[in-house]
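The values are calculated or read from the model by the stated rules, or taken from the named source; none is laboratory data. Values in this document were obtained by computation on a predicted structure and should not be read as measured data. Reconstructed Cβ throughout: ideal geometry from the backbone, glycine too, with neighbour counts over all protein chains shown.
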Amino acid sequence: MFGSDFYKSTSFADCRRGAIESYFINHHLGHSRGKYFFEAGAVNGFHMSQTAYLENEFAWDGVLVEGHEEMFKDMKEGQRIAHKRNFVLGDGTDAIFEAKTSGLLGHSQIQPKAINQDCFPCLTMTIEEVLQDVNAPRVIDYMVIDVENAWREVLGGIDFTRREIDFLAVEMKTENPRDRLEWINRLMANGMRFIHCLNNEDFIFVKE
């Protein structure tokens, strides 16, 4: 496990809600129970989790995806009952994945090439492939994507002909605003409506 006891937390009692989840709960959830979530970049399932509260308090089901093997081990040891998958998300092609094991929680992301000893080749999985793997329902009530610089490839792996996403939150880190605008337009062309931005990076969409 990584870092201090706070960051090692694998219990609901120590869970801290993230900003996106708080916005979602406060403005859109109401008291809906038994719905379905998808969390990409779930870390250990509790630290700044966007879905732990929904699972614990509202009996939601869903899937947690984390590519970093050590973080995933912590997740497996925790109390989460959602589907857990140790996959690197992307566009379904080969990639170089960096999985650092230093710091409070380590760090992981796709790199254009191997830059250090923490990088290794892998085959990425699309979101649709993961959803099929866990036999997810057609309607995903809440999807959150936090995958550092791979958000473009991961968004491209959503099959909008097979899935309906009611609420989508995605961290869009980029130095090119036009790049971000292009993807916002793509999501809108697939029936999503942009409604809010948090911290200039976290973008929130709802189904039209």
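For segment 98-119, the condition holds for no residue, the condition being that it is at pLDDT 85 or above and β-branched (Val, Ile, Thr). The criterion of being touching a Leu at 6+ places or on another chain (Cβ under 9 Å), under 25 Å from Phe205 (Cα atoms), surrounded by 17 or more Cβ atoms within 10 Å (Cβ to Cβ) and at pLDDT 75 or above holds for Phe37. Only one of the numbered conditions (1) touching a strand residue (DSSP E or B) at 6+ places or on another chain (Cβ under 7 Å); (2) more than 27 Å from Asp141 (Cβ to Cβ) is not met by Gln117, and that is (1). Note on segment 145-178: residues that are buried (at least 21 other Cβ atoms within 10 Å of the Cβ), in contact with an Asp or Glu (Cβ under 7 Å, 6 or more places away or on another chain) and over 26 Å from Lys113 (Cα atoms) total 2.
On the basis of being without any contact (Cβ under 8 Å) to a residue 24 or more places away in the chain and surrounded by fewer than 12 Cβ atoms within 10 Å (Cβ to Cβ), does Ile184 make the cut? When the stated conditions are applied, Ile184 does not pass them. Among the residues of segment 70-94, those that are among the polar types (S, T, N, Q) and either closer than 14 Å to Glu39 by Cα or in contact with a helix residue (DSSP H, G or I) (Cβ under 7 Å, 6 or more places away or on another chain) (or both) comprise Gln79, Asn86.
Is segment 135-143 home to any residue that is among the hydrophobic types (A, V, I, L, M, F, W, C) and part of a helix (DSSP H, G or I)? No, the conditions are met nowhere in segment 135-143. Can you spot a residue in segment 7-26 that is closer than 26 Å to Leu198 by Cα, modelled with pLDDT of 85 or more and either assigned to a helix (DSSP H, G or I) or of a type in the set (S, T, N, Q) (or both)? Looking through segment 7-26, none of the residues is closer than 26 Å to Leu198 by Cα, modelled with pLDDT of 85 or more and either assigned to a helix (DSSP H, G or I) or of a type in the set (S, T, N, Q) (or both). So, in segment 105-144, of the ones that are without any contact (Cβ under 8 Å) to a residue 60 or more places away in the chain, surrounded by 16 or more Cβ atoms within 10 Å (Cβ to Cβ) and of a type in the set (Val, Ile, Thr), which residue ends up farthest from Phe72 (Cα to Cα)? For segment 105-144, the residue satisfying everything is Thr126. Under the condition of being assigned to a strand (DSSP E or B) and among the aromatic types (Phe, Trp, Tyr), the residues counted in segment 149-208 number 4.
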